[in-house]
1. Can we say LEU226 is closer than 14 Å to ILE142 by Cα, of a type in the set (A, V, I, L, M, F, W, C) and open to solvent by less than 40 Å² (accessible area, probe 1.4 Å)?
2. If you go through segment 242-254, how many residues are surrounded by fewer than 19 Cβ atoms within 10 Å (Cβ to Cβ) and either on the phi > 0 side of the Ramachandran plot or more than 13 Å from the ligand (Cβ to nearest atom) (or both)?
3. One residue is enough: does segment 153-171 have a residue meeting the conditions away from the ligand (no atom under 16 Å from the Cβ), out of contact with any Pro (no Cβ under 7 Å at 6 or more places or on another chain) and open to solvent by 80 Å² or more (accessible area, probe 1.4 Å)?
4. Condition first: within 20 Å of the chain's Cα centre (by Cα) and either within 16 Å of the ligand (Cβ to nearest atom) or closer than 22 Å to LEU270 by Cα (or both). Can you find one or more residues in segment 189-207 that meet it?
Amino acid sequence: MIIVPASSSLDLAARVAKDMGATLAEVDKKRFPDGEMYVRINSELKNSEVAVIGNNRSDEDFVELLLLLNASKEGGAAKVTAVLPYFGYSRQHMIYKPGEPVSSKVMTKSLENFSDRIICVEIHDEETLGFASHPFVNLSVINTSSEFFRNKGVDLILSPDDGGYERAKKMGEILSIPAYYINKKRIDSKTVEMHLPDVDFSGRSVLLVDDIISTGGTIIKAVNLLKSSGVSKVSVSAVHGIFAKDSDSKIKPLVDLLAVSDTIEGAHSLISISGDISRALAGDV
Ligand code: R5P
């Protein structure tokens with residue numbers, strides 16, 4: 001197996017290569033004078049199984065990923081897997097208003113053109129998997145996320161909404177602690193009220209978990225609500241830490257621990273999902 005790292009996942013790709021005892025390919029990346037992107041994989045790929053690891057978090061990341069996948073195929077790889085630790089554009093998996101594209105279908109079909117298999121991690125909406133005609137695997141990293149919090153003294157797990165309760169519940173089962181969710185009540189098109197469940201939070205160490213932190217709005221509201229309930233400690237975790245508009249700088253001072261995974265690499269990527277990806281690449285899932 002040869003691991004080809006895209007710029008968005010350099011650390012994660014190196015970890016996966018190490019876990020698997022695989023070769024980490026060298027990649028050159030630069031810009032042509034007109035601004036277009038140039039990539040070159042400086043490793044022999046002929047007849048090898050290749051995994052390109054990178055996400056489509058930005059449009060630039062996506063172009064790089066497609067170029068690397070094509071370079072792998074053109075280089076004679078026997079099998080090419082596109083590994084997207086964060087599969088972007090998956091929120092637009094259906095047409096909400098006439099005239100819109102189905103963005104996640106565009107991503108899936110484009111990736112399929114240059115790969116034999118797609119692996120992603122905790123995609124926002126699993127309907128995207130249905131657009132694929134090649135194997136498309138969505139990995140759950142709940143075990144890895146839960147194990148990170150073992151022995152960190154968490155008393156209970158809380159989801160910021162009922163949609164995320166399944167995740168909180170599964171983590172609670174793994175860690176043998178109770179899980180609850182915050183009730184959201186829509187007052188009007190602009191106002192949503194959040195209500196804590198009927199639980200005694202005073203003196204407890206609470207872990208707030210979500211699948212994704214994007215603008216941070218949901219988590220910040222939940223943290224502020226929790227803080228008025230007498231908790232002793234608040235930890236925040238999510239699989240994907242997008243932290244749009246530097247929202248991590250607003251969340252961090254409010255909490256005792258902020259830990260997201262390395263699906264999107266950043267300062268708070270304390271949980272590595274490299275083992276999950278290595279096992280999937282080795283065919284265990
Ligand atoms: C909602 O469906 C998700 O689970 C997250 O709660 C949401 O996407 C987080 O977004 P933001 O950080 O912008 O509030």
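The values are calculated or read from the model by the stated rules, or taken from the named source; none is laboratory data. Small disclaimer: the values here were computed from a predicted structure and weren't measured. Every residue, glycine as well, gets a Cβ built from its backbone with ideal geometry; the counts of neighbours run over all protein chains shown. Side chains included, ligands, DNA and RNA excluded: accessible areas come from the protein's heavy atoms. Shrake-Rupley method; radii C 1.70, N 1.55, O 1.52, S 1.80 Å.
1. Working: closer than 14 Å to ILE142 by Cα: no; of a type in the set (A, V, I, L, M, F, W, C): yes; open to solvent by less than 40 Å² (accessible area, probe 1.4 Å): yes.
Here the answer is no, as LEU226 does not meet what is asked.
2. Of the residues in segment 242-254, 6 are surrounded by fewer than 19 Cβ atoms within 10 Å (Cβ to Cβ) and either on the phi > 0 side of the Ramachandran plot or more than 13 Å from the ligand (Cβ to nearest atom) (or both).
3. To start, the set of residues in segment 153-171 that are away from the ligand (no atom under 16 Å from the Cβ) comprises 153-156.
From what is left, the residues that are out of contact with any Pro (no Cβ under 7 Å at 6 or more places or on another chain) are 153-155.
Retained after the next criterion (residues that are open to solvent by 80 Å² or more (accessible area, probe 1.4 Å)): none.
No, the conditions are met nowhere in segment 153-171.
4. Yes, segment 189-207 has at least one match.
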